[in-house]
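**Q** Let me begin by handing over the structure; questions about it come next.
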Amino acid sequence: MSKEQTKDKNTENDLQSQDVENQTMESQEENIEDEKETLEGELKKERDNFLRLFAEFENYKKRTTKERIELYSTANKEVLTAMLPIIDDFERGLLEVEKSADTALLDGMRLIYSKFKNTLDQKGLKVMEVKAGDKFDAEIHEAISQIPAPSKKLKGKIIDVVEKGYQLGETIIRFPKVVIGN
């Protein structure tokens, strides 16, 4: 082999080596691009999962906070419901004591009643304001009887309030018992 042939063969080998290197580099770049796309897809999927999980957690926090507030606001419901007949009896007793001549007894009863009532008011108990002549609403009143209306304008309206109604917050714990005109 001559020097020229050897030189040509070395050049040819060099070119082939460069082609192989170029193909290897291109193949590696394609693999890197494919891997990059795959990783970006996985990253996007994980971000989406994270955002969904975060939103679920925020909803959970809001829901439990709301439930806790509702629980605190109605925690005394059973106790206050049990106190309602006592309030009624106290009011009836107060009316009878007002008829007597003993002012010291009347003042003492009024003081006790006012403290008792204020304590219940602080716990969220409210009297439902219902009076004769109001329109009857089956959603918030309990009709215990109907009587002929004394006048035409009282038909379908409340004639008398037999028992007061009470609310705890926005929840009615005892509906007012009323007589309506027919």
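Each reported figure results from applying straightforward, stated rules to the coordinates on display, with no laboratory input. Keep in mind that this is a model prediction, so the values were computed, not measured. Cβ coordinates were reconstructed from backbone atoms using ideal geometry, including for glycine residues, and neighbour counts include every protein chain displayed.
**Q** Kindly work out what percent of the DSSP beta bridges joining two residues of the chain are antiparallel, to the nearest 5.
**A** Antiparallel: roughly 65 percent of the beta bridges in the chain.
**Q** Across the chain, where is the longest run that never hits GluC sites (Glu not before Pro) in a DSSP loop with at most 14 other C-beta atoms within 10 Å?
**A** Here the longest run is 1-128.
**Q** Please give me the summed charge of the neighbours of Pro148: other residues whose Cβ is under 14 Å from its Cβ, Lys and Arg +1, Asp and Glu -1.
**A** The answer is +3.
**Q** What nm value, rounded to one decimal, do you get for the distance between Thr171 and Ser151 when each label is placed 7 Å out toward the C-beta?
**A** Computed distance between label sites Thr171 and Ser151 equals 4.0 nm.
**Q** OK, next. Calculate the dipole size of the range 51-164 relative to its Cα centre from +1 charges on Lys and Arg beta carbons and -1 charges on Asp and Glu beta carbons; express the result in debye to the nearest 20.
**A** 580
**Q** Would you mind checking the range 137-151 for residues with the amide N under 11 Å from a putative spin-label position 7 Å along Cα→C-beta of Asn182?
**A** Those under the cut-off are 145-149.
**Q** If the viscosity is 1.002 mPa s and the temperature 20 °C, what Stokes-Einstein diffusion coefficient in µm²/s follows for the range 77-181 when Rh is the Kirkwood radius over Cα pairs?
**A** The Stokes-Einstein estimate is 140 µm²/s.
**Q** Quick check: net charge around Glu70, other residues with Cβ under 12 Å of its Cβ, Lys/Arg +1 and Asp/Glu -1?
**A** Residues near Glu70 contribute +2 overall.
**Q** I would also like to ask the following. Under the rule of at least 5 residues apart or a separate chain, name every residue whose amide H is placed under 5 Å from the amide H of Glu163.
**A** Result for Glu163 returns Lys177.
**Q** Report, in listed order, any pair from Lys66/Lys115; Lys135/Lys177; Lys126/Lys177; Lys77/Lys131; Lys77/Lys126 with a Cα-Cα distance greater than 20 Å.
**A** Lys66/Lys115; Lys77/Lys131
**Q** Further question: Given [x] -0.28, -1.09, -1.29; [y] -0.57, -1.09, -1.19; [z] -0.44, -0.98, -1.12, which label gives log10 I(q)/I(0) by the Debye sum over Cα atoms at q = 0.08, 0.16, 0.18 Å⁻¹ as computed from the coordinates?
**A** [y]
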